[in-house]
Amino acid sequence: MTASNPPMMPLRVTRNDPIADGINMLEFRDAAGQPLPQFSAGAHIAVQVPSGLLRKYSLCNDPAERDRYLVAVKREANGRGGSTDLIDHVKAGDQLMVAAPVNDFELPPRAQDFLFIAGGIGITPIMAMIRELRAQGKRFRLYYLSRSPETTAFIDELSAPEIKDSVTIHYDGGDPANSLDLRPILAERKNREHLYCCGPRPLMEAVRRMTDHWSSTAVHFEAFTSAETHKPTDRPFKVRLAQSGAVIEVAADKTILEALREHGLEVPSSCESGTCGTCRTKLLAGKAEHRDLVLHDHERADTIMICVSRALSDEITIDR
Ligand code: FES
């Protein structure tokens, strides 16, 4: 699988209204009422916002619906402008270009039991999963971490009598000292559960650390932005390609993956946020600064996810 751009289509915005403090629900439909390309739970769409930026949003409606896409967007006043542009400048009736759904966060079809951990707006792909699993008669437990009831989307739906026993919503009031202790929840893998976690990077990194004893195929993460994987302190370094002997410079604002592609190499990737495992590469020499959520501790000495991780040494050698 190589990162490729799915086809874009013009869709009409049929709804853009608040569902919680700082969170809007947007609905997209085909202007002529045609069915939309099908999606599965965990999929996202890329939306071109009025300023021209392309932004990815997880679909939260029932994958069985073919007539609309629903996304919940959190207004990030200090973000890169996509969410404020969508919430403030788009109204029902507008037309936006939207890419067909892509899924880097799929549910394994044969699994029966699921454990979900959602932080804030990270609930969106999990809402689609819950709808799909309920339709299939499968079981889930959800731990939904949020600041306060006012800032929490989908409370009513998650409090419905038929699912409320499977749902724990934890409010921390914005104080990390009040965070839910996930350690007992993750201490053992019950009923061969698959864990899906989506939320802020620090939450996902904590869950990654607490699940080192789980099978890597049972733990799945989804990141919304690559912004958190770049740091202002990033510095350039060199990558030596063992197969050709070429040495490539990776600039401070580039990833290894981008540098390899600029050099003309075809490199498979998908999520490009360190969560899917597609760009896994053997690390043959040098020290890596790992920023992914895929590798277990014991894999980190000789493996690197080149879409996000960087070098700690001046040069690393990879098996490409
Ligand atoms: S492309 Fe998904 S982990 Fe690198």
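Odds and ends about this structure:
- Of all the residues in the range 85-137, those that are of a type in the set (Lys, Arg) and touching a Phe, Trp or Tyr at 6+ places or on another chain (Cβ under 7 Å) number 0.
- Enumerated strands (runs of 3 or more DSSP E) restricted to the range 1-67, each holding at least 3 residues that are touching a Gly at 6+ places or on another chain (Cβ under 9 Å) and under 22 Å from residue 223 (Cα atoms): 54-58
- Failed item in (1) touching a helix residue (DSSP H, G or I) at 6+ places or on another chain (Cβ under 8 Å); (2) free of Cβ contacts under 8 Å to residues at least 24 places away in the same chain, with residue 71 passing the rest: (2)
- For the range 100-172, no strands (runs of 3 or more DSSP E) sit wholly inside it while including 2 or more residues that are free of Cβ contacts under 8 Å to residues at least 24 places away in the same chain and either over 26 Å from residue 38 (Cβ atoms) or out of contact with any His (no Cβ under 7 Å at 6 or more places or on another chain) (or both).
- Verdict on residue 134 being over 23 Å from residue 68 (Cβ atoms) and either at pLDDT below 95 or not small (Gly, Ala, Ser) (or both): no
- Verdict on residue 266 being within 15 Å of the ligand (Cβ to nearest atom), closer than 19 Å to residue 205 by Cβ and part of a loop (DSSP other than H, G, I, E, B): no
- Picking from residues in the range 60-74 that are surrounded by fewer than 16 Cβ atoms within 10 Å (Cβ to Cβ) and among the charged types (D, E, K, R), the one that is farthest from residue 88 (Cα to Cα) is 66.
- Qualifying residue in the range 229-249 (condition: touching a residue at least 12 places away in the same chain (Cβ under 8 Å) and within 18 Å of the chain's Cα centre (by Cα)): yes
- In the range 173-198, the residues that are in a loop (DSSP other than H, G, I, E, B), free of Cβ contacts under 8 Å to residues at least 60 places away in the same chain and of a type in the set (Lys, Arg): 189
- Scanning the range 86-106 for residues that are closer than 21 Å to residue 22 by Cα and crowded, with 19+ Cβ neighbours inside 10 Å gives 86, 87, 90.
- Top-ranked residue of the range 290-308 - restricted to ones that are in contact with a helix residue (DSSP H, G or I) (Cβ under 8 Å, 6 or more places away or on another chain) and of a type in the set (Val, Ile, Thr), ranked as farthest from residue 319 (Cα to Cα): 294
- Residue that is nearest to the ligand (Cβ to nearest atom), among those in the range 304-319 that are surrounded by fewer than 21 Cβ atoms within 10 Å (Cβ to Cβ) and more than 10 Å from residue 284 (Cβ to Cβ): 312
- Residue match in the range 253-268 (condition: over 30 Å from residue 106 (Cβ atoms), surrounded by fewer than 16 Cβ atoms within 10 Å (Cβ to Cβ) and in contact with a strand residue (DSSP E or B) (Cβ under 6 Å, 6 or more places away or on another chain)): yes
- Across the range 274-287, a minimum of one residue is classified as crowded, with 21+ Cβ neighbours inside 10 Å, more than 20 Å from the chain's Cα centre (by Cα) and more than 29 Å from residue 55 (Cβ to Cβ).
- Screening residue 221 with (1) in a loop (DSSP other than H, G, I, E, B); (2) surrounded by 12 or more Cβ atoms within 10 Å (Cβ to Cβ) gives one miss only, at (1).
- Total residues in the range 7-59 satisfying the condition of being surrounded by fewer than 21 Cβ atoms within 10 Å (Cβ to Cβ), under 22 Å from residue 103 (Cα atoms) and among the hydroxyl-bearing types (Ser, Thr, Tyr): the figure is 1.
- Matching residues in the range 269-295 - criterion: being part of a loop (DSSP other than H, G, I, E, B), within 14 Å of the ligand (Cβ to nearest atom) and not hydroxyl-bearing (Ser, Thr, Tyr): 271, 272, 274, 276, 277, 279, 290, 291, 292, 293, 294, 295
- Subset tally (residues that are touching a residue at least 60 places away in the same chain (Cβ under 8 Å) and under 9 Å from residue 307 (Cα atoms)) for the range 253-269: 2
The values are calculated or read from the model by the stated rules, or taken from the named source; none is laboratory data. Every value quoted in this text rests on a predicted model; they were computed, and no experiment measured them. Neighbour counts are summed over all protein chains in view; Cβ atoms, including those assigned to glycine, are modelled from backbone coordinates with ideal geometry.
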